[in-house]
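Chemist: Just dropping this structure here.
The values are calculated or read from the model by the stated rules, or taken from the named source; none is laboratory data. If you're wondering where the values come from, they're calculated on a predicted model, not measured in any experiment. In this analysis, Cβ positions are derived from the backbone assuming ideal geometry, glycine residues included, and neighbour counts consider all displayed protein chains.
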C-alpha cells in the first residue's frame with residue numbers, strides 16, 4: 001500500500017463540465033507511479049484535494065476504487081478531510097512550519113511566533129488529517145491482510161506510522177521522508193510536546209528512509225537529543241520499546257526513458273527553436289519552484305557579480321530563470337516572488353541594453369519550456385540552500401544537448417552523486433557562485449563533455465528502478481526478520 | 001596567562017585631558033578579574049581598543065606593564081592592531097558573522113551573502129588580529145617559561161590556540177568559549193576553507209571549554225562532521241594528530257558577595273524609591289542588551305497576548321524593559337532597536353491609558369537602575385532564543401527582594417542550573433510565554449518564596465570561585481598528564 005498526500009490521479013472537470021482523471025501533480029507521484037500502475041494488489045491512499053476529488057471520494061463511499069490514467073490502471077482510495085482541518089494541516093503546519101524547519105528557513109529572531117493559531121493547526125489540523133488517514137489505512141490493511149506492507153510518504157504524515165501501528169500491530173510500516181532532516185536544534189522552534197509527538201510518530205515505522213546519509217544521521221541525532229532514545233549509529237537504528245527502527249537512505253531518481261521521451265516532444269522543440277533564435281553566445285539556466293529553499297536571490301546576485309568581474313561577458317551571456325510560482329497562499333512565498341522581481345529589475349536595469357536583458361525571468365509553469373531550457377543550457381545553476389534531493393540537476397544533465405556544466409550546491413542531496421562531476425558551490429557564498437558560473441562558461445569543451453558524460457552515466461545507473469528495488473529488498477529482509 | 005579581547009583596564013581621558021584607568025567593560029572581565037588581581041605571575045593580554053589604550057601600548061613598547069584598578073594591581077599587555085584589520089575582525093567577522101552563526105540568527109534565505117567583503121574580513125581581519133595576538137602571547141610565554149598555562153577566551157580567538165601551539169609547543173593551552181556552540185550545519189554558511197580553519201584553530205588547544213554540555217557535545221559533532229576528526233563522546237575528547245583535546249563544560253557564575261554589595265549602593269536605592277513610587281500591583285522586568293539573541297520582540301508580544309487573555313490585569317501590571325543599546329555599528333542591531341520601539345509603541349497604544357503605560361521602555365545603559373529593577377521585580381523574563389549562559393537570571397534572583405519568579409528560556413545555559421525552579425518557556429512560543437507570565441504573576445506567595453530560595457541556593461553554591469577552581473584543577477590534571 002502507498003500513502004501520500006497527493007495521489008496518482010486528480011479529478012477535474014473539462015469545459016463541458018465532465019469529470020476526467022488528470023495526472024496528480026508533483027515529482028513524487030511520477031516516482032511512485034511505476035510501483036502502483038496495473039497492480040491490483042497495490043492500493044494508493046491519498047487526499048481528496050479538489051472539489052471533484054471529494055465528489056469522487058463520496059461516490060465511492062470513501063472506499064478504494066480502480067481508475068485509469070494515461071492508459072494504466074490504479075487502485076486508489078481518496079481520503080476526504082474536513083476543509084478547515086485540511087487547510088490547517090497543509091497551509092499552516094506542513095507549509096511553512098515543517099518545510100521551513102527542515103530547510104533551516106526560519107528567521108529566528110523574527111519568526112515564527114508560535115501561538116494559538118499554530119498550535120490549533122497542529123491539534124485540529126495535522127493530527128486530525130493524520131488520524132483520518134490512519135483509519136483509512138487500517139481499513140485497507142484489513143482487506144490486504146494483517147501483515148501488509150504500508151509505504152508512507154513525506155512530511156505530511158509524521159504521526160501516521162504510530163497511529164497505524166496502534167491500529168494494525170502486524171503491518172510492516174515504511175516511511176520515506178523526501179525533504180532534508182535537519183539537526184535537532186532546528187526542531188526546538190516547536191513546543192516540546194509537539195516536536196516529541198512528531199518524532200515518536202515517525203518512530204512508529206519499521207523503516208524510516210531518506211535520500212541522504214546526512215538526513216538519516218540527523219534523524220538519529222534527533223531521536224537521541226529530543227526524545228532520549230537509544231540510537232546506534234553503526235547499524236543506523238533506534239530502539240523503541242524493544243523494537244528496532246531501521247534508518248536508511250536511498251537517493252531517488254527519475255524515469256530515464258520516460259524523461260527522454262518527454263524531452264523529444266514537438267512542443268519542446270518549438271520552444272527550443274525560439275530559444276535558439278534569441279540565443280546569445282551562452283545560456284545559464286535555472287528551473288525551480290519559487291521556494292525560499294531554492295536560493296534564487298543569491299543566484300541572481302552571483303550573476304550580477306560575475307558581470308561586474310567580467311564586463312566582457314555583457315551582451316554575450318543570458319540567464320534564463322524558469323520559475324514556477326509556488327504556494328502563493330503562504331505570505332512568505334508571495335513576498336519572495338516580489339523580492340525576485342525587484343532584484344531582476346535592478347540587475348537588468350544595471351547591465352541591460354535595448355538589445356539584451358541579462359536575466360530572462362519566466363514566472364510561470366510550462367513543462368515544455370522548462371525541458372527546452374534543459375536541452376539548451378551551457379550552465380545549469382542549482383544552488384539550493386538545502387534540498388532533499390533536487391531532481392532538476394538529474395533531469396537537466398540527462399537531456400542537455402550542449403555539454404552543459406552543472407553548478408551545484410553542496411547542500412543538495414544530489415551532490416552526493418553528481419558533486420564529483422559538477423562545480424560545487426557553497427549556497428551562501430555569492431562570490432564563490434560568481435566564480436563558478438564564470439569557470440563553467442569558460443570551461444574547455446572537452447572537459448565539459450567529459451563531466452556531463454559522467455553525470456549522465458550516474459543518472460542512468462542510479463535510476464528509479466534501482467531506488468525502488470533497493471527499498472523493496474530491505475523491506476522484504478526486515479519483514480522476514482520479523483518472522 | 002589570560003587572553004581576551006577586552007582586558008581588565010580601559011584607558012580613557014578625564015575632563016582635564018588626563019588619562020585614567022577605567023574598569024574594562026563586559027561580564028567576562030568581572031568573572032576573570034579575580035584570577036589576575038594582585039598576581040604578578042599572571043599576565044593578561046588584551047586588545048588596545050580606544051585611542052588611550054593605543055597610546056599606553058605604545059608607551060610600553062607593546063610589552064606587559066603593571067597598572068592599578070579599583071585598588072588592585074593587574075599585569076597587562078595591550079596588543080595594538082591595525083585599525084582597519086581590527087574593524088574587520090570585530091565589526092564584520094566576529095559580529096555579526098560568528099555571533100549570528102552561533103546563536104542561529106541568520107535568516108538564511110536572505111542573509112548572509114558571503115562575498116569578497118566577508119572573506120577579506122576573515123583573511124585581512126580575523127586572521128591578522130589572531131596572528132598579532134599569537135606573537136604577543138608567544139613573547140609572554142618566553143618570559144613565563146615554555147610550559148606556561150595560557151587561558152584564551154571567547155569567539156574572537158578561534159585561530160589563536162593553533163597559532164600559539166606552533167610558536168610554543170610546550171605551553172598548556174585552554175580555550176573558553178562563552179557563547180553557544182551550534183550544531184554543525186550552522187557553520188555551513190561559511191566557505192569550507194574558513195569553517196575548517198576555525199575548527200582546526202580551536203583544536204590547537206589542550207582543553208576547549210563551554211558553559212554547557214550541549215555546547216560541548218555540539219563542538220564534538222562539529223569536529224566529526226566538518227573536519228572529519230575522530231571524536232569520543234564518552235570521554236568527551238577529540239584526537240588531533242595523536243594529541244587528545246579535552247572538551248568540557250563549566251557553568252560560569254557571578255561574584256556573589258561583590259554583587260550583593262553593589263546592589264546595596266545608594267544610587268540603587270534612589271532608583272528603587274522611584275520604582276516603588278510608580279509601582280502598580282506587579283512588575284515584570286527584563287534586563288538585556290538589545291541583541292537579537294535576547295528575543296525582546298517575542299517577550300513584548302507575549303505580554304500583549306497576556307493582556308488580551310487577562311484584561312483584568314490592565315492597569316495593574318507594568319513591564320519594565322531595561323535595554324542597553326548594543327553594537328549600533330552593525331546594521332542588523334540598529335534595525336532591531338527600531339523594531340523594538342515600534343512594537344512597544346503599538347502595544348502601549350493598544351492597551352495603555354493616560355495613567356498607565358503597559359511597557360516602560362528604558363533604552364540606555366544604567367547599571368544602578370538595572371540593579372533596582374532586579375530588586376523590585378515580581379517576574380523576571382529571560383526568554384533568549386539561545387544564550388551561552390545568561391547571567392541576568394543569576395544576578396536577578398540573587399538580589400531580588402519580592403520573591404520574584406523567574407520565567408526562563410529552555411535554550412539558555414543557565415536553564416541547566418535554575419530550570420527546575422523557574423517557569424520554563426520555549427522562546428519561540430509566544431502563547432507559552434504569555435501563559436507562564438500569567439502563571440508567575442498569579443503564583444501563591446509561598447511557592448514564589450520556595451522557588452526563589454532554591455534558585456539563590458544554587459547561585460550561592462555554584463559561584464565564581466567554583467567555576468575557576470574546577471577549571472584550574474582540570475588544567476593541573478591535564479598538565480601533569482602531559483608530563
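Chemist: Taking the stated definitions as given, is residue A:139 more than 14 Å from chain B (Cβ to nearest Cβ), touching a strand residue (DSSP E or B) at 6+ places or on another chain (Cβ under 9 Å) and on the phi > 0 side of the Ramachandran plot?
Modeler: Details: more than 14 Å from chain B (Cβ to nearest Cβ): yes; touching a strand residue (DSSP E or B) at 6+ places or on another chain (Cβ under 9 Å): yes; on the phi > 0 side of the Ramachandran plot: no.
When the stated conditions are applied, residue A:139 does not pass them.
Chemist: Picking from B:437, B:478, B:472, which residue would you name as being modelled with pLDDT of 95 or more and not assigned by TED's automatic domain parsing to the domain that holds residue B:31? Walk me through it before giving the result.
Modeler: Details: B:478 fails: modelled with pLDDT of 95 or more; B:472 fails: modelled with pLDDT of 95 or more.
Step by step, each of B:437, B:478, B:472 is checked, and only B:437 is modelled with pLDDT of 95 or more and not assigned by TED's automatic domain parsing to the domain that holds residue B:31.
Chemist: Inspect all residues belonging to region A:188-197 and state whether any of them is in a helix (DSSP H, G or I) and loosely packed, with under 15 Cβ neighbours inside 10 Å.
Modeler: Yes, there is a match, as at least one residue in region A:188-197 is in a helix (DSSP H, G or I) and loosely packed, with under 15 Cβ neighbours inside 10 Å.
Chemist: Can you work out which of the residues in region B:262-320 that are part of a helix (DSSP H, G or I) and touching a strand residue (DSSP E or B) at 6+ places or on another chain (Cβ under 6 Å) is nearest to residue B:336 (Cα to Cα)?
Modeler: Checked region B:262-320; the qualifying residue nearest to residue B:336 (Cα to Cα) is B:294.
Chemist: Something else now. Quick check: is even one residue across region B:243-253 more than 14 Å from chain A (Cβ to nearest Cβ), closer than 30 Å to residue A:411 by Cα, modelled with pLDDT of 95 or more and part of a helix (DSSP H, G or I)?
Modeler: no
Chemist: Shifting gears a bit: Within region A:460-467, is even one residue under 30 Å from residue A:152 (Cβ atoms) and surrounded by 24 or more Cβ atoms within 10 Å (Cβ to Cβ)?
Modeler: Within region A:460-467, not a single residue is under 30 Å from residue A:152 (Cβ atoms) and surrounded by 24 or more Cβ atoms within 10 Å (Cβ to Cβ).
Chemist: Within region A:277-290, take every residue that is under 30 Å from the mean Cα position of the chain (by Cα) and surrounded by fewer than 19 Cβ atoms within 10 Å (Cβ to Cβ) and give me the one that is farthest from residue A:322 (Cα to Cα).
Modeler: A:282
Chemist: While we're on this one: Hey, can you tell me all the residues within region B:111-124 that are within 7 Å of chain A (Cβ to nearest Cβ) and without any contact (Cβ under 8 Å) to a residue 60 or more places away in the chain?
Modeler: If the condition is that a residue be within 7 Å of chain A (Cβ to nearest Cβ) and without any contact (Cβ under 8 Å) to a residue 60 or more places away in the chain, then B:113, B:115, B:116 are the ones that fit.
Chemist: What is the residue count in region B:201-219 for residues that are under 30 Å from residue A:298 (Cβ atoms) and touching a strand residue (DSSP E or B) at 6+ places or on another chain (Cβ under 8 Å)?
Modeler: Summing the residues that are under 30 Å from residue A:298 (Cβ atoms) and touching a strand residue (DSSP E or B) at 6+ places or on another chain (Cβ under 8 Å) in region B:201-219 gives 3.
Chemist: How about region B:257-270: which of its residues are crowded, with 19+ Cβ neighbours inside 10 Å and either more than 30 Å from residue B:320 (Cβ to Cβ) or at pLDDT below 95 (or both)?
Modeler: The answer is B:259, and nothing else.
Chemist: While we're looking at this one, here's another question. Name the residue that is nearest to residue B:433 (Cα to Cα), counting only residues in region B:274-290 that are in contact (Cβ under 8 Å) with a residue 60 or more places away in the chain and within 14 Å of chain A (Cβ to nearest Cβ).
Modeler: The residue in question is B:288.
Chemist: Search region A:197-222 for residues that are within 14 Å of chain B (Cβ to nearest Cβ) and pair each with any residue that is assigned to a helix (DSSP H, G or I) when their beta-carbon atoms are under 6 Å apart and the residues are at least 6 apart or on different chains.
Modeler: Close Cβ pairs (under 6 Å, with a partner that is assigned to a helix (DSSP H, G or I)) amount to A:212/A:416; A:221/A:184; A:222/A:184.
Chemist: Just give me the residues in region A:342-385 being out of contact with any helix residue (DSSP H, G or I) (no Cβ under 6 Å at 6 or more places or on another chain) and part of a loop (DSSP other than H, G, I, E, B), in sequence order.
Modeler: Scanning region A:342-385 gives A:352, A:353, A:354, A:355, A:356, A:364, A:365, A:366, A:377, A:378.
Chemist: Test each condition in (1) buried (at least 21 other Cβ atoms within 10 Å of the Cβ); (2) part of a strand (DSSP E or B); (3) in contact with a helix residue (DSSP H, G or I) (Cβ under 7 Å, 6 or more places away or on another chain) for residue A:12 and report the one that comes out false.
Modeler: So the condition that residue A:12 fails would be (1).
Chemist: While we're here: Which of the residues spanning region A:226-244 are exposed (fewer than 12 other Cβ atoms within 10 Å of the Cβ) and within 29 Å of the chain's Cα centre (by Cα)?
Modeler: If the condition is that a residue be exposed (fewer than 12 other Cβ atoms within 10 Å of the Cβ) and within 29 Å of the chain's Cα centre (by Cα), then A:234, A:235 are the ones that fit.
Chemist: On to the next question. Report, by residue number, each residue of region A:426-454 that is under 21 Å from the mean Cα position of the chain (by Cα) and without any contact (Cβ under 8 Å) to a residue 60 or more places away in the chain.
Modeler: Selection gives A:426 alone.
Chemist: Could I ask something else about it? Would you list the helices (runs of 4 or more DSSP H) that sit entirely within region A:404-483 and hold 1 or more residues that are within 14 Å of chain B (Cβ to nearest Cβ) and within 27 Å of residue B:114 (Cβ to Cβ)?
Modeler: A:415-418, A:430-442
Chemist: Does residue A:386 satisfy being within 14 Å of chain B (Cβ to nearest Cβ) and surrounded by 14 or more Cβ atoms within 10 Å (Cβ to Cβ)?
Modeler: Yes; evaluated as a whole, the condition is true for this residue.
Chemist: Residues in region B:304-323 that are more than 13 Å from chain A (Cβ to nearest Cβ) and touching a residue at least 24 places away in the same chain (Cβ under 8 Å): how many?
Modeler: So the count comes out to 13.
Chemist: Can you go through B:405, B:334, B:397, B:392 and tell me which one is under 19 Å from residue B:99 (Cβ atoms), at pLDDT 95 or above and surrounded by 23 or more Cβ atoms within 10 Å (Cβ to Cβ)? Break it down into steps so the answer makes sense when it comes.
Modeler: Details: B:405 fails: under 19 Å from residue B:99 (Cβ atoms); B:334 fails: surrounded by 23 or more Cβ atoms within 10 Å (Cβ to Cβ); B:397 fails: under 19 Å from residue B:99 (Cβ atoms).
Selected residue: B:392, the only one of B:405, B:334, B:397, B:392 that is under 19 Å from residue B:99 (Cβ atoms), at pLDDT 95 or above and surrounded by 23 or more Cβ atoms within 10 Å (Cβ to Cβ).
Chemist: From (1) surrounded by 16 or more Cβ atoms within 10 Å (Cβ to Cβ); (2) in contact with a strand residue (DSSP E or B) (Cβ under 8 Å, 6 or more places away or on another chain); (3) within 14 Å of chain B (Cβ to nearest Cβ); (4) farther than 30 Å from residue A:361 by Cα, pick out the condition that doesn't hold for residue A:180.
Modeler: (4)
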